[in-house]
Structure formats: structure tokens, C-alpha cells
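Undergrad: One structure coming up, written as C-alpha cells, with questions to follow.
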Amino acid sequence: MAANRIEITDEIRAKLEAEKERSGIGVRQLMRGRRGEYPEGLRADMVDGWIAGRTATARRDHLDWVLRAWASYTPSEPKKDPGPARIELSDSQIATLQAEVERTGLGAINILKHAPTPLPKGLNHQKVQRWISGETRTAIADHWELVLSLYASFPQDTEN
């Protein structure tokens, strides 16, 4: 066997398989975007052959690179969508909303009739009513601001 080649033993094969399992990625994904980092001539199908036992030897630099790359691989944290910004509604905020309902004479259903359509996802008259009653103490900030701005755009109810 040439000096620059190494035999793919059962132990090496098990190590490759264990790293593949631990990382959760295959060799193609391991090599993706890293052209120029891995040794010339290394191909994913070669590594697949080592793991499957179809190939008995490998270039030492190829095997060393694959083992190092897998050993140093740490999966990136999945990006979590934090969703829309939420706020805790204070007693004062709820009192302000209740005062606006009283001032304008418009309840949850009627105020939303004046909102731009379509309504923002998740905003409905039931939610607004729960804010008014104080039953719900959180809100999506944009929803809260929209409802307050709608109330602010109306004059005093002259029938009260």
C-alpha cells in the first residue's frame, strides 16, 4: 500500500458512521460551501464508499480532513421566529381603552369596522373585547397600537 494511503478498518468505518449520526448530516452537507478547504480530489461518493465498505483504502489527507470536519461540526441552532412583539397590558392601559370606548361609544365590533382591511392576522373583535373587559392582559403591540389609534381618530360621542 502506498505511504499516503490508509486502510479503512471497521474501527474507522464505525467512527465515520458515528460522526455522521452524531452530526445529523451526510458528507455532502459537510462539504457543501467548503470548496478549497478540503483536499483536492476528495468527493462525497468516496466517503460514502468508505462507510459502506465498498472502498478499502483512502488517501490519508482525505480521511483526516473528513474526520476533523465531522468532529468539529456543531449544528447551528434553528432560527426561531420570535413572532410579533407582545406587551403586557397595565391597569392604566386597560383604563385608557375603556375610557376610549366610553368616549366614542364604539365597542369592539364597531371600532374594527373602521380598521384597514384585511385586519392584521390574529386581530379580531373578540380579542379587543377581552382587552376592554380586562380579561386578557397581553397584546401584540401592533394590534394594540392600531386599536388605540382607531379610537383616537374618532370624536366624542354626542349621544352619551
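The values are calculated or read from the model by the stated rules, or taken from the named source; none is laboratory data. Model, not experiment: these values are computed from the prediction. With ideal geometry, Cβ positions are generated from the backbone for all residues, glycine too; neighbour counts draw on all protein chains shown. SASA here: full protein model, heavy atoms, side chains in, ligands and nucleic acids out. Shrake-Rupley method; radii C 1.70, N 1.55, O 1.52, S 1.80 Å.
Undergrad: Just subtract the alpha-carbon distance of residue 60 and residue 73 from 0.36 nm times their residue separation and send over the number in nm, one decimal. All intermediate terms of the calculation are to be shown ahead of the outcome.
TA: On the way: separation 13, 0.36 × 13 = 4.68 nm, distance 1.98 nm.
Extra length from residue 60 to residue 73 when fully extended: 2.7 nm.
Undergrad: So which trypsin sites (Lys or Arg not before Pro) in segment 1-96 are both in a DSSP loop and have at most 11 other Cβ atoms within 10 Å of their Cβ? Could the numbers behind the result be given before it?
TA: Numbers: sites: 5, 13, 15, 20, 22, 28, 32, 34, 35, 43, 54, 59, 60, 68, 79, 80, 86; in loops: 32, 34, 35, 43, 54, 79, 80.
Those that pass, being in a loop and sparsely packed, are 32, 34, 35, 54, 79, 80.
Undergrad: Another one. Checking the cross-link filter: which lysines have an alpha carbon closer than 19 Å to that of residue 127, excluding same-chain neighbours under 8 positions apart?
TA: By straight Cα distance, residue 127 reaches 113.
Undergrad: So which trypsin sites (Lys or Arg not before Pro) in segment 98-153 pass both tests, a DSSP loop state and at most 12 other Cβ atoms within 10 Å of the Cβ? Write down the numbers at each step before the final one.
TA: On the way: sites: 103, 113, 121, 127, 130, 137; in loops: 113, 121, 137.
Filter output for segment 98-153: 113, 121.
Undergrad: Which is the longest stretch in the chain that no exposed loop site breaks, taking sites as GluC sites (Glu not before Pro) with a DSSP loop state and at most 11 other Cβ atoms within 10 Å? Walk me through the numbers before you get to the answer.
TA: On the way: sites that count: 37, 40, 135, 159.
Within the chain, the longest run free of exposed GluC sites (Glu not before Pro) spans 41-134.
Undergrad: Provide the per residue accessible area, probe 1.4 Å, for the chain, rounded to a whole number of square angstrom. Don't skip to the answer; put the middle values down first.
TA: Values: 10340 Å² over 160 residues.
I get 65 Å² per residue for this part.
Undergrad: Roll a 1.4 angstrom probe over the protein heavy atoms and tell me the percent of accessible area of the chain that is carbon or sulfur.
TA: Values: 5230 of 10340 Å².
That share works out to 51 percent.
Undergrad: With a cut-off of at most 16 other beta carbons within 10 Å, and DSSP calling the residue loop, which chymotrypsin sites (Phe, Trp or Tyr not before Pro) in segment 63-99 qualify? Please list them. Mind dumping the intermediate values first?
TA: On the way: sites: 65, 70, 73; in loops: 73.
Of the chymotrypsin sites (Phe, Trp or Tyr not before Pro), the ones in loops of segment 63-99 whose Cβ has at most 16 other Cβ atoms within 10 Å are 73.
Undergrad: What's the angle, to the nearest 10 degrees (0 to 90), between helix 91-104's Cα axis and the longest principal axis of the chain?
TA: 50 degrees
Undergrad: Against the longest alpha carbon principal axis of the chain, how many degrees, from 0 to 90 and to the nearest 10, is the axis of helix 10-23 turned?
TA: It is inclined by approximately 10 degrees.
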